[in-house]
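Enquirer: So that we are looking at the same thing, I have put the structure below in structure tokens.
The values are calculated or read from the model by the stated rules, or taken from the named source; none is laboratory data. What you are looking at is a predicted structure, and each value in this text was computed from that prediction instead of being measured. Cβ placement follows ideal geometry from the backbone for every residue including glycine, while neighbour counts extend to all protein chains displayed. Note: areas computed on protein heavy atoms with side chains; ligands, DNA, RNA excluded. Shrake-Rupley method; radii C 1.70, N 1.55, O 1.52, S 1.80 Å.
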Amino acid sequence: MHPVKALLFDVFGTTVDWRGSMIRHCRRFGLPDETADLWRAQYQPQLETVRSGQRPWVNLDVLHRIGLDLVLAELDIPLPDRYRTTLVRAWHRLDPWPDVVDGLTALKRTHIIAPCSNGHIAQSVNLARYAGLPWDAILGAEIARAYKPDPRVYRASADALGLDYDEVCMVAAHNADLEAAREAGLRTAFVPRPTEDTEPTGDWDRVVPSFLELAAP
């Protein structure tokens, strides 16, 4: 196999703590903490409407808004439209896990680093600026016009860097994400997170406790 030249990172859950961040944002509007979990539970079903062809390509802000409207209806909370818009934008302002910025900074010295996220480019740029994520490029769903685990997302990200698939490693706290990346031809690295998968279920190329250990020689 070729040496790894680029590392692609899952973002929601692996790179940033979406749950703690969204609980904080929801509390600003007097919403119960369960709102964040119920909203996140809408994530895959809304992505599936695009993956299945039920809905044409739309970006994650659109899908997040649909999910939020469903959750607030379920909770019978009449939140004004302007606050709903602000909450959708809160997904652009999520806190990184403590090891992330230092780990990415170290990895950037030896590898190309980029997100391979279901977030769209504007969201990924805003999140990187908010959280201090030192990406070399913004890759992922929008350049493929598809959502993970569709193999086009992983391959389009590698293609955009001009690299062979086995020169690229996908880093994630989701075993399913890594399985799809491996099937697309990428290398894999598992990093557990308390809100995501905490144990590897596959024979991944690397299993490390944090981004800092991933950067260690």
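Enquirer: Could you grab the pairs with beta carbons closer than 9 Å, sequence gap of 6+ or different chains, first residue in the range 85-110 and free of Cβ contacts under 8 Å to residues at least 40 places away in the same chain and charged (D, E, K, R), second one outside any loop (DSSP other than H, G, I, E, B) and open to solvent by 40 Å² or more (accessible area, probe 1.4 Å)?
Expert: As it stands, the answer is 89/126, since those pairs meet every condition given.
Enquirer: Which of (1) open to solvent by 30 Å² or more (accessible area, probe 1.4 Å); (2) touching a Pro at 6+ places or on another chain (Cβ under 8 Å) is the odd one out, the single condition residue 165 does not satisfy?
Expert: All conditions pass for residue 165, except number (2).
Enquirer: Give the number of residues within the range 38-65 that are open to solvent by 50 Å² or more (accessible area, probe 1.4 Å), without any contact (Cβ under 8 Å) to a residue 40 or more places away in the chain and over 17 Å from residue 21 (Cβ atoms).
Expert: Residues that pass the stated criteria total 10.
Enquirer: Which of the residues that make up the range 172-206 are hydrophobic (A, V, I, L, M, F, W, C), crowded, with 17+ Cβ neighbours inside 10 Å and either within 16 Å of the chain's Cα centre (by Cα) or not in a loop (DSSP other than H, G, I, E, B) (or both)?
Expert: Within the range 172-206, 172, 173, 178, 180, 181, 189, 190, 191 meet the criteria.
Enquirer: Examine the range 132-139 for a residue that is of a type in the set (A, V, I, L, M, F, W, C), over 20 Å from residue 42 (Cα atoms) and in a helix (DSSP H, G or I), and state whether such a residue exists.
Expert: Checking the range 132-139: not a single residue is of a type in the set (A, V, I, L, M, F, W, C), over 20 Å from residue 42 (Cα atoms) and in a helix (DSSP H, G or I).
Enquirer: Something else now. Given the conditions (1) of a type in the set (A, V, I, L, M); (2) part of a helix (DSSP H, G or I); (3) surrounded by fewer than 19 Cβ atoms within 10 Å (Cβ to Cβ); (4) touching a residue at least 60 places away in the same chain (Cβ under 8 Å), and given that residue 143 satisfies all but one, which numbered condition is not satisfied?
Expert: (4)
Enquirer: Separate question: List pairs: first in the range 185-206 and at positive phi, second small (Gly, Ala, Ser) and outside any loop (DSSP other than H, G, I, E, B), Cβ under 6 Å, 6+ apart or cross-chain?
Expert: none
Enquirer: Within the range 73-112, how many residues are more than 17 Å from residue 24 (Cα to Cα), open to solvent by less than 10 Å² (accessible area, probe 1.4 Å) and over 14 Å from the mean Cα position of the chain (by Cα)?
Expert: 3
Enquirer: Count, please, the residues in the range 1-37 that happen to be crowded, with 17+ Cβ neighbours inside 10 Å and part of a helix (DSSP H, G or I).
Expert: The qualifying residues number 9.
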